[in-house]
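Read the structure below first, then the notes.
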Amino acid sequence: MHIAIIGNGISGVTAARFIRKMSDHRITMISAETDYFFSRTALMYIYMGHMRFEDTQPYEPWFWKKNRIDLLKGYVEKIDTDNKELHFRENLSSLKYDKLIIATGSKSNKFGWPGQDLKNVGGLYSYQDLEAMEAASADGINRAIIVGGGLIGIEMAEMFHTRHIPVTFLVRENSYWNNILPAEESQMVNRHIREHGFDLKLETELKEIVDDGTGKVKAVVTNKGETIECKYVGLTAGVSPNIDFLKDSNIETKRGVLVNEYLETNVSDVYAIGDCSEHRNPVEGRRPIEAIWYTGRMMGETLAHTICQQKTKYDPGVWFNSAKFLDIEYQVYGDVQAKMPENYQAIYWEHRDGRKSIRIIYEKDTKVIKGFNLMGVRYRHEVCEKWLKEKTNIETVLKDLSLANFDPEFYKEYEAEVLAIYNQQNGTNLQLKKKRSWNQVFTFLSS
Amino acid sequence: MHFLEKIGITLLIIAFTFFTLSLGLGSYQLTEDSLKISNEYHKKEVLSVAEETGLLNQEYDSRPAFITDFKNVLKASTKNLEAKAADGLPEGVNEWDFKMGDWTYKDYTMYTVKHSTTGMVANNPFLFLLLTFILGAIGVIIHSIPKFMGIAGIKNNHIYQSAMTRGLTLSVRSIMLTATIFGVLVYGIFYLKGNFMWSLITLVVMALITYLVFVKENEKEPDHNPPKSASPDALGWLGLVTGIYLIGFYILLYWSPAYITNWMLITDPVSKMLSGNEASQWFVYGFLYTIVMLVMGLRMIGKYRHNQYQILRTISVIFFQTVFAFTLPEILVRLNYPYYDFKNIWPLNYTFFFDWNLNQLIDSGGLGIFMLVWGIVLVIIGVPLITYFFGKRWYCSWVCGCGGLAETLGDPYRQLSDKSLRAWKFERYIIHGVLVFAVVMTALVLYSYFTGSSNVLFLNSDTVRSWYGFLIGSAFAGVVGTGFYPLMGNRTWCRFGCPLAAYLGLVQRFKSRFRITTNGGQCISCGNCSTYCEMGIDVRAYAQKGQNIVRSSCVGCGVCAAVCPRGVLRLENGSADISSRTTELKTIHITEDQIKLLS
Ligand SMILES: Cc1cc2nc3c(=O)[nH]c(=O)nc-3n(C[C@H](O)[C@H](O)[C@H](O)COP(=O)(O)OP(=O)(O)OC[C@H]3O[C@@H](n4cnc5c(N)ncnc54)[C@H](O)[C@@H]3O)c2cc1C
Ligand code: SF4
Ligand code: SF4
């Protein structure tokens, strides 16, 4: 059987790896972006000089040969599902497949702003975007404007900052990423952005990008009528599935490629995974499109099982994610929303330095643990997940809270302070029962 | 660049200039007083030859000329004494005390040159101490101040954009490495006085290892260099210059100390204060080493000031260097005890079982015996036991001097370690090869010690041990170990060469509570951890699978965990799962039972 995979991102690669683990099918992985799989999550580190492009490639070139995963560089222009054939933009002969996996990822959103296609205006998604940033930087940038206060926006801002390029950060909301982060955490990030010296403009939107007469950007105009001179505009107002090339095919799409719980599309033997997929019936509490690394990886793994005769439903399990806002690491487990539902209660602890916090959320009546939100403190995924999965009582969680602490050795632990807040709120007198130790964690996880 | 960084760099460059130029300052004149030969017969002979040839009291401006002429005098004296000995030795004098072997040349020359030097450096040691060591230290400290300012966090900006730290292209690196290896092997023939067998054997062993790595690799790589090898696109010329400077430094230090006697003059006051003796090349080295670790350690602490683990272990290595490696041995010498570094463990301390060391310890009374027992207990019980509890990090990144230098002076270069599978293969052959060499060499030396016979089978234990000292002890540990920081990363010696690391590593791999755990599914495969692993471990390969990292080479520096932007890695000790530390855990997230139910 020949399995063709369009896209060599984390989703496609994970699918390929697991299919190879479980079978001897012929695998061809196609991408127009780069020769080998790289981690786009690390694009920023290349620009900042932390890493070379090679270092962002998780596997050495021999890996693909050894695992008999054929790599094909090319852009798929058309999918002929009737004849099971792919057609390329380049002068490549068409490719026959038996099963097809669409894993084409996302593209940066553009909302029809005047001037959005000028030179030195762009998102940060692909390797080519990075090259464009480098080229613009080589020409000299007096100021960079970042449009959109999400995770990629703040990364882009940090990138320019390390090259001593002044950054203005336009955020539509009245606080950074406050559609996802609870208010305190969002404000913490606001403060942190400003203490790094970025010009953070909240409740400000892009209206127009001004041409300097040579097709390059000269300035932006905001919805408040302000004109800001700049030589680069980063468009980071979210991403959407990269599926334009499917328009004329039989494959059903909405915002993304529509798939069922087995990641199957409406056409048999065609599947979609990762950023480009949209779930018809998402698992409860989950969104139809979740454009993040981890879900792409899980979908790839799940689909590989299905293709290799172990039909498996996609079950992303307990929600988790992580990011880094400049110097503040962020981790989340479970159900943490910007606006907490009425029947939930939160314990929120913040460090004096204003750069660390722990938020633990539980259900008021049942006292069942609901979620963890961490800034500048690391918690252990498996431990939090187990508590959440087993609907553990908040008091049990709190007494064992040290088990979750994942900070390096000798770091100060704040679990007792978190517990004290709960005690104060509830008039209880709980004490930490366990110490942080691998043996304890291991016993807990295998219980 | 921060203005303090500019000031710091400027001071450092000035200090380096003085340091380097000081070697050429002065003139040289051999006098009866400056002839530093303790053996009466040798001294008399050399003096008379020197007088005959006109060297005595003649003033030289050129150091090489002076050294050459003096060496000729030594050679002529050796011949004369040889002839005299043939005519009959003086009453009651041992032949070997009377005759003058060429092994005496190095020390005779070095100390004589040192004392024959007059001029600026010789007259103003304090001034030069200030202009070199102290000014340089101040420079580094000032340069590090900005690391303590601003918001703490991982700041690896521009590392791959700097000509100092970006590393060298594969071709330049290969040329440097090949040149160094051949240089060492050719020099080795002279070192063993024309005995080329050992250079040849070494060459054959290296060819064999290369063959094993390349031919047995099924990784027939496609078009270009393996991406994880440490070669960037552009040449890091500052790194290259630094590497060459360091290599030159070690060559002079080990094999031509007569050229660096001015540094000994500069540090004489310090040495006399500590041990009461004048400074040798080893004192210069120890002093420099300690200062470098102190100031670069400070830089390290600034860089990781948000990270308790890094701060504590940096303080620890600085402490062990200043107290145990530098000060205590000097004080022991002052008190007429043997020079002894309590934390230097065989086989890193490969001279421990040499006859002269054993004799010296045994002859030094209770303390000497204690030192002997301590050294043996550390090897047999200390290393396995502590490594069982904490992993090899207790030594490699908390105690060891080589590790300490790597973690302080070498920190800017940690990203240059090669992460390719091929490098890992080289590593395993070479480091275990060195361990075997160390064990065999020591066994032969001990055999000779107890039986009094140097020849074992076809091997001469004296030759084996001097080849080990030359090849591993000096060339590998020093010239390559430190000289190659800017070329192959800061742990080149620890990773490829150190026999103690190999021993610790075996314990860590097979019987230890230590491992690095990964945080479930949080890894985004970014590669920061692998990039900054100084031991060239592809940490990401484990982390992205949710697998523990149990690798014999991991020195537990904790930097992978520090640089990880997603909080994925944690160094951990625990016995609960000691036998299943390495099992390939969890694939990402689909529960096992679900798969079983459906299939
Ligand atoms: C800067 C940045 C930082 C991020 N940080 C995080 C993070 O911290 N955590 C997190 O969870 N997520 C993060 N993400 C999101 C995450 O990277 C994506 O969710 C993930 O890469 C999606 O993987 P994928 O395999 O679905 O698609 P992609 O990685 O986008 O791969 C799709 C590939 O298919 C190719 N392709 C598309 N169409 C065609 C075609 N027609 N023919 C041939 N090839 C085609 C594309 O060129 C691309 O190479 C980040 C993203 C960016 C850009
Ligand atoms: S794996 Fe981590 S702790 Fe071990 S040597 Fe590498 S960077 Fe240091
Ligand atoms: S463990 Fe951390 S540093 Fe390493 S690849 Fe994963 S996310 Fe990156």
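The figures follow:
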{"item": "Karplus-derived 3J(HN,Hα), 6.51/-1.76/1.60, for each residue of the range B:148-154, Hz, glycine and proline x", "result": "8, 9, x, 8, 5, x, 6"}
{"item": "Dipole magnitude (debye, nearest 20) for chain B, charges at Cβ of Lys, Arg, Asp, Glu", "result": "2580"}
{"item": "Cβ-Cβ FRET estimate between A:Ala420 and A:Glu203, R0 fixed at 41 Å, reported to 0.05", "result": "0.65"}
{"item": "DSSP bridge pairs, the range A:121-237: antiparallel proportion in percent, nearest 5", "result": "40"}
{"item": "Subset of A:Lys21/A:Lys324; A:Lys311/B:Lys545; A:Lys364/A:Lys391; A:Lys386/B:Lys155 violating a 25 Å alpha-carbon distance limit", "result": "A:Lys21/A:Lys324; A:Lys386/B:Lys155"}
{"item": "Centroid-to-centroid separation of the range A:205-232 and the range A:19-39 [C-alpha atoms, Å]", "result": "41"}
{"item": "Most mobile of A:Asn426, A:Asn321, A:Asn179 in a GNM of chain A (Cα contacts under 10 Å)", "result": "A:Asn426"}
{"item": "Under-5 Å amide H pairs with B:Arg570, H placed in peptide plane, nonlocal only", "result": "B:Thr517"}
{"item": "Exercise: per-residue mean of other protein chain Cβ atoms within 10 Å, B:157-164", "result": "5"}
{"item": "Efficiency of FRET between A:Phe111 and A:Lys313 - r from beta-carbon atoms, R0 35 angstrom, step 0.05", "result": "0.50"}
{"item": "Residues of type aspartates and glutamates that B:Lys114 reaches as a straight line, Cα spacing below 18 Å, ignoring anything fewer than 8 places off in the same chain", "result": "B:Glu32, B:Asp33, B:Glu59, B:Asp61, B:Asp69, B:Asp268, B:Glu278"}
{"item": "Point-charge dipole on Cβ atoms (K/R +1, D/E -1) for the protein assembly as shown, about Cα centre, debye to 20", "result": "1620"}
{"item": "³J(HN,Hα), Karplus 6.51/-1.76/1.60, whole Hz, each residue of the range B:63-77, x for Gly, Pro", "result": "5, x, 4, 4, 5, 4, 5, 5, 5, 4, 4, 4, 5, 4, 4"}
{"item": "Spacing of the two label points (7 Å from each Cα toward its C-beta) at B:Met120 and B:Ile145, in nm", "result": "2.8"}
{"item": "Residues with amide H under 5 Å from that of A:Gly123, placed H, sequence gap 5 or more", "result": "A:Leu235"}
{"item": "At q = 0.16, 0.18, 0.30, 0.31 Å⁻¹, base-10 log of I(q)/I(0) for the range B:78-121 (Debye sum, equal scatterers on each alpha carbon)", "result": "-0.56, -0.64, -1.01, -1.04"}
{"item": "Cβ neighbours within 10 Å from other chains - mean over A:325-334", "result": "3"}
{"item": "Shielding score for A:34-40, defined as the mean number of other chain Cβ atoms within 10 Å", "result": "3"}
{"item": "If the convex hull is drawn through the Cα atoms of chain A, its volume per residue in Å³", "result": "170"}
{"item": "Mean projected area (nm²) of the alpha-carbon convex hull when chain B is viewed from all directions", "result": "31.7"}
{"item": "Within chain B, longest stretch free of exposed GluC sites (Glu not before Pro) [DSSP loop, at most 15 other beta carbons within 10 Å]", "result": "B:218-583"}
{"item": "Rough spin-label spacing in nm, given labels placed 7 Å along Cα→Cβ, for B:Lys272 and A:Thr392", "result": "6.8"}
{"item": "The range A:156-285: equivalent-ellipsoid semi-axes (sqrt of 5 x gyration tensor eigenvalues, Cα, Å)", "result": "37, 22, 13"}
{"item": "For q = 0.16, 0.25 Å⁻¹, Debye-computed log10 I/I(0) when each Cα of the range B:27-118 counts as one equal scatterer", "result": "-0.59, -1.30"}
{"item": "Ranked packing of A:332-338, B:122-128, most packed first, by mean Cβ within 10 Å", "result": "A:332-338, B:122-128"}
{"item": "Fewest-first ranking of A:Arg89, A:Arg436, using other Cβ atoms within 10 Å as the exposure measure", "result": "A:Arg89, A:Arg436"}
{"item": "Surface/4 estimate of mean projected area, convex hull on alpha-carbon atoms of the protein assembly as shown, nm²", "result": "48.4"}
{"item": "Charge dipole magnitude, Cβ of K and R +1, D and E -1 - the range B:27-118, Cα centre, debye nearest 20", "result": "320"}
{"item": "Spin-label pair B:Thr53/A:Lys73, simplified geometry with 7 Å Cα→Cβ offset, distance in nm", "result": "6.5"}
{"item": "The range B:131-183: mean projected area of Cα convex hull, nm²", "result": "6.3"}
{"item": "Order of B:His42, A:His50 under a 10 Å beta carbon neighbour criterion, fewest first", "result": "B:His42, A:His50"}
{"item": "Share antiparallel - DSSP beta bridges, the protein assembly as shown, percent rounded to 5", "result": "60"}
{"item": "R0 of 56 Å, Cβ-Cβ distance B:Leu127-A:Ala135: FRET efficiency to nearest 0.05", "result": "0.60"}
{"item": "Under-5 Å amide H pairs with A:Trp319, H placed in peptide plane, nonlocal only", "result": "A:Gly334"}
{"item": "222 nm mean residue ellipticity, helices alone, for chain B (DSSP H n ≥ 4; -39,500 (n - 2.57); rounded to 500)", "result": "-17000 deg cm²/dmol"}
{"item": "Two-decimal Rg/Rh across the range A:1-135, once Rg and the Kirkwood Rh are taken from alpha-carbon atoms", "result": "1.01"}
{"item": "Cα-based helix-to-principal-axis angle, B:105-116 vs chain B, degrees rounded to 10", "result": "70"}
{"item": "Karplus-derived 3J(HN,Hα), 6.51/-1.76/1.60, for each residue of the range A:240-255, Hz, glycine and proline x", "result": "9, x, 9, 10, 4, 5, 8, 2, 8, 8, 7, 7, 7, 10, 10, 7"}
{"item": "Top positive-direction residue, dipole computed over the range A:320-446 with Cβ charges, set A:Thr443, A:Tyr362, A:His381", "result": "A:Thr443"}
{"item": "Rg to Rh, two decimals, where the range B:241-326 supplies the alpha carbon set and Rh follows Kirkwood", "result": "1.06"}
{"item": "In the range A:356-447, chymotrypsin sites (Phe, Trp or Tyr not before Pro) in a DSSP loop with at most 12 other beta-carbon atoms within 10 Å", "result": "none"}
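FYI, it's all coordinate maths here, none of it is from the lab. What you are looking at is a predicted structure, and each value in this text was computed from that prediction instead of being measured. Cβ coordinates were reconstructed from backbone atoms using ideal geometry, including for glycine residues, and neighbour counts include every protein chain displayed.
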